[in-house]
Amino acid sequence: MQLSTASWPEVEAYLARSKGIVIPIGSHEQHGPNGLIGTDAICPETIALEAAAEGGFLVGPTFSVGQAQHHLAFPGSITLRPSTMIAAMQDWIASLTRHGFTRIYFLNGHGGNSATIQAAFSEAYAAWSLRGEPAPFALAAANWWELPGVSGVIRRIFPVGDGSHATASEVSVTYYRYPEAVKRVEMTPKIAPSGSFRDAADYRRRFPDGRIGSDPSQASVEAGAEIVAAAKRALTAEVVKFFEAAPAAS
Ligand code: NI
């Protein structure tokens, strides 16, 4: 069930049987010469929607712009400052908990979001801790590629050149979702350099075509289908466990 296409009575009925919701969270940032700008939002959204169709849980709108300051030297990238993202996440969390959701699971598509997501969680809990009351909700976050069993599938399909940004695996997941957006591009070198970076100018100087450590020319619709199938199974199991955990004290 998708929040965007549900009516309020349907959400009210859902809340009578479950207090849990999954929010895909990602980024809009360059993903190399053949990767889609929305890759990090599309991947968790695709996996969450497919898992929800089987598992019967609710998926909220995708929090689709995140921490991408280092990609801003490439056209199309959009970023939130960390402080903006933390503030926006407070409002999403407060709106959902107001309705009675007590389990909010963020499925993340962008490693660069992780620190800010954890800071947002601390901010949400701090209000209750400082007040001396137990928080009436629990928050969880997981990177889709770290769901149980997924990295093994990715290593088997792409033993070489999956990389760390504009990966063959994430590009494959987006091609599976949007086969009409498949782009065939020759890349040199075949496997991009690896390393760290600071700001947007530094990133573009070190990684001129946007990739880090990857050869996404290997990406395919078929690989994406296999990766989504594994991630969907794993997500369903994780979400069931998290939603069924003892309800927060009230
Ligand atoms: Ni990505």
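The values are calculated or read from the model by the stated rules, or taken from the named source; none is laboratory data. Just so it is clear, the model here is predicted, and its values are computed rather than measured. Reconstructed Cβ throughout: ideal geometry from the backbone, glycine too, with neighbour counts over all protein chains shown.
Does the stretch 23-30 include one or more residues that are under 20 Å from Ser220 (Cα atoms) and either more than 10 Å from the ligand (Cβ to nearest atom) or modelled with pLDDT under 95 (or both)? Within the stretch 23-30, not a single residue is under 20 Å from Ser220 (Cα atoms) and either more than 10 Å from the ligand (Cβ to nearest atom) or modelled with pLDDT under 95 (or both).
Tallying residues that are touching a residue at least 60 places away in the same chain (Cβ under 8 Å), polar (S, T, N, Q) and within 16 Å of the ligand (Cβ to nearest atom) within the stretch 98-148 yields 2. Between Arg184, Arg156, Arg198, Arg204, the distinction of being without any contact (Cβ under 8 Å) to a residue 24 or more places away in the chain and away from the ligand (no atom under 16 Å from the Cβ) belongs to Arg156 only.
To keep it simple, each residue is scored yes or no on (1) surrounded by 24 or more Cβ atoms within 10 Å (Cβ to Cβ); (2) in a helix (DSSP H, G or I); (3) of a type outside the set (Asp, Glu); (4) more than 16 Å from the ligand (Cβ to nearest atom).
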{"site": "Pro9", "(1), (2), (3), (4)": "no, yes, yes, yes"}
{"site": "Ala13", "(1), (2), (3), (4)": "no, yes, yes, yes"}
{"site": "Ile21", "(1), (2), (3), (4)": "yes, no, yes, yes"}
{"site": "Ile37", "(1), (2), (3), (4)": "no, no, yes, no"}
{"site": "Asp40", "(1), (2), (3), (4)": "yes, yes, no, no"}
{"site": "Ile47", "(1), (2), (3), (4)": "yes, yes, yes, no"}
{"site": "Glu50", "(1), (2), (3), (4)": "no, yes, no, yes"}
{"site": "Gln67", "(1), (2), (3), (4)": "no, no, yes, no"}
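Select, from Glu186, Glu180, the only residue that is in a helix (DSSP H, G or I) and surrounded by fewer than 20 Cβ atoms within 10 Å (Cβ to Cβ). None of the other options fit; the residue is Glu180. Please count how many residues of the stretch 161-186 are over 18 Å from the mean Cα position of the chain (by Cα) and over 15 Å from Ser220 (Cα atoms). Number satisfying all stated conditions: 0.
Using the structure shown, decide if Pro179 is without any contact (Cβ under 8 Å) to a residue 24 or more places away in the chain and of a type outside the set (D, E, K, R). Break it down into steps so the answer makes sense when it comes.
Values: without any contact (Cβ under 8 Å) to a residue 24 or more places away in the chain: no; of a type outside the set (D, E, K, R): yes.
In short, no.
In this entry, Ala234 is excluded by the filter for residues that are surrounded by fewer than 19 Cβ atoms within 10 Å (Cβ to Cβ), among the hydrophobic types (A, V, I, L, M, F, W, C) and either touching a Phe, Trp or Tyr at 6+ places or on another chain (Cβ under 9 Å) or in contact (Cβ under 8 Å) with a residue 24 or more places away in the chain (or both).
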